[in-house]
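The values are calculated or read from the model by the stated rules, or taken from the named source; none is laboratory data. This structure is a prediction, so every number in the text was calculated from the model and none was measured. FYI the Cβ positions are ideal-geometry reconstructions off the backbone, even for glycines, and counts take in every protein chain you see. Protein only, heavy atoms only, side chains kept; ligands, DNA and RNA dropped before computing areas. Shrake-Rupley method; radii C 1.70, N 1.55, O 1.52, S 1.80 Å.
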Amino acid sequence: MIEYYRSVRGALTRLDDYAPGCWVNVVAPTPDELTHLSEQRGVPLDYLLYSLDLDERPRFERDDEYVLIVMQTSFAFGEGADVPFDTLPLGIIHTPSAIVTVSTTPNPVLEEFKAGRIRSVSTVKRNRFTMQIFLRVAQRYLIDLKQINRQVDAIETRLETSTRNRELLG
């Protein structure tokens, strides 16, 4: 899925098609969408594919007018899952006229931008927009770590109580 957004007075507005200075949000793209982005918009196909590789390591790469940033973002599967948290890659590609984000699934951080919860967004200022994504990713990590710490504390308390009960009964 490919979505186009542009900032208007600090808020994001969804566009029907590509426009210079826009944010192109790509989620679980089909091969046809990847080809379109590569051939029509000039985005290096390798950069798009690197961003979709679940085992891709965080990195920064520059090639002529294009910049690739791959980062890991926290992803919550929910409390019922065996592993409640994991990380997923997020690719940020700076092109001469737009910023492109690429992910395999809808990213909670980018969903916050789309929902208008992040203020003073400017898609034309690609570096600033990228730094806002970095900041929000870091904040999400801290929120998720707090939740993990609370869960660990609760389990430790239950384990301590269980061990004491066995000592009294044993």
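Taking the range 105-130 as the search range and keeping residues that are part of a helix (DSSP H, G or I) and β-branched (Val, Ile, Thr), which one is surrounded by the most Cβ atoms within 10 Å (Cβ to Cβ)?
Going through the range 105-130, the residues part of a helix (DSSP H, G or I) turn out to be 108-114, 126-130.
From the residues that got through so far, the ones that are β-branched (Val, Ile, Thr) too are 109, 130.
Working: Val109: 23, Thr130: 17.
Top of the filtered list is Val109.
State which residue is most open to solvent (accessible area, probe 1.4 Å) when the search covers only the range 47-64 and only residues that are touching a residue at least 24 places away in the same chain (Cβ under 8 Å), farther than 18 Å from Thr130 by Cβ and in a loop (DSSP other than H, G, I, E, B).
Per the stated criteria, the residue is Leu54.
Among the residues in the range 34-46, are any open to solvent by less than 30 Å² (accessible area, probe 1.4 Å), under 17 Å from Val24 (Cα atoms) and part of a helix (DSSP H, G or I)?
Yes, some residue in the range 34-46 is open to solvent by less than 30 Å² (accessible area, probe 1.4 Å), under 17 Å from Val24 (Cα atoms) and part of a helix (DSSP H, G or I).
From the list Phe75, Phe85, which one is of a type in the set (Phe, Trp, Tyr), within 21 Å of Glu111 (Cβ to Cβ), surrounded by 12 or more Cβ atoms within 10 Å (Cβ to Cβ) and under 12 Å from the mean Cα position of the chain (by Cα)? It would help to see each step written out before you state the result.
Numbers: Phe85 fails: under 12 Å from the mean Cα position of the chain (by Cα).
Answer to the check: Phe75.
Of all residues in the range 1-21 being small (Gly, Ala, Ser) and touching a residue at least 24 places away in the same chain (Cβ under 8 Å), which is most open to solvent (accessible area, probe 1.4 Å)?
Our first condition is that a residue be small (Gly, Ala, Ser); within the range 1-21, this holds for 7, 10-11, 19, 21.
Restricting the remaining residues to those that are touching a residue at least 24 places away in the same chain (Cβ under 8 Å) gives 7, 10-11, 21.
Numbers: Ser7: 23, Gly10: 28, Ala11: 52, Gly21: 14 Å².
Within the range 1-21, the match that is most open to solvent (accessible area, probe 1.4 Å) is Ala11.
Can you tell me which residue among Val67, Val102 is touching a helix residue (DSSP H, G or I) at 6+ places or on another chain (Cβ under 6 Å), closer than 25 Å to Arg6 by Cα and not in a loop (DSSP other than H, G, I, E, B)? Please lay out each step first, then the result.
Values: Val67 fails: touching a helix residue (DSSP H, G or I) at 6+ places or on another chain (Cβ under 6 Å).
None of the other options fit; the residue is Val102.
Can you run down the residue pairs with Cβ atoms below 7 Å, 6 or more apart or on separate chains, where the first is in the range 125-149 and more than 18 Å from Pro84 (Cβ to Cβ) and free of Cβ contacts under 8 Å to residues at least 40 places away in the same chain and the partner is β-branched (Val, Ile, Thr) and surrounded by 12 or more Cβ atoms within 10 Å (Cβ to Cβ)?
Arg126/Ile99; Gln132/Ile118; Gln132/Val121; Arg136/Val109; Arg136/Ile118
Can you tell me how many residues within the range 46-97 are out of contact with any Ser or Thr (no Cβ under 8 Å at 6 or more places or on another chain) and more than 30 Å from Ala154 (Cα to Cα)?
20
Can you give me the number of residues within the range 6-29 that are assigned to a loop (DSSP other than H, G, I, E, B) and of a type in the set (D, E, K, R)? If you could, list the steps in order and put the result at the bottom.
If we filter the range 6-29 for residues that are assigned to a loop (DSSP other than H, G, I, E, B), which is where we start, we get 9-10, 16-22, 28-29.
Keeping just the survivors that are of a type in the set (D, E, K, R) gives 9, 16-17.
Looking only at that region, the number is 3.
Is it the case that the range 2-11 has a residue that's under 25 Å from Gln139 (Cα atoms), among the aromatic types (Phe, Trp, Tyr) and touching a helix residue (DSSP H, G or I) at 6+ places or on another chain (Cβ under 8 Å)?
Yes, the range 2-11 has at least one match.
Considering only residues that are of a type in the set (D, E, K, R) and either touching a strand residue (DSSP E or B) at 6+ places or on another chain (Cβ under 6 Å) or in contact (Cβ under 8 Å) with a residue 24 or more places away in the chain (or both), which ones fall in the range 109-124? Spell out the reasoning first.
Taking the range 109-124 first, the residues of a type in the set (D, E, K, R) are 111-112, 114, 117, 119.
Selection gives Glu112, Lys114, Arg119.
Hey, any hits in the range 30-43 for a residue that's touching a strand residue (DSSP E or B) at 6+ places or on another chain (Cβ under 8 Å) and closer than 30 Å to Ile155 by Cβ?
No; the residues of the range 30-43 include none that is touching a strand residue (DSSP E or B) at 6+ places or on another chain (Cβ under 8 Å) and closer than 30 Å to Ile155 by Cβ.
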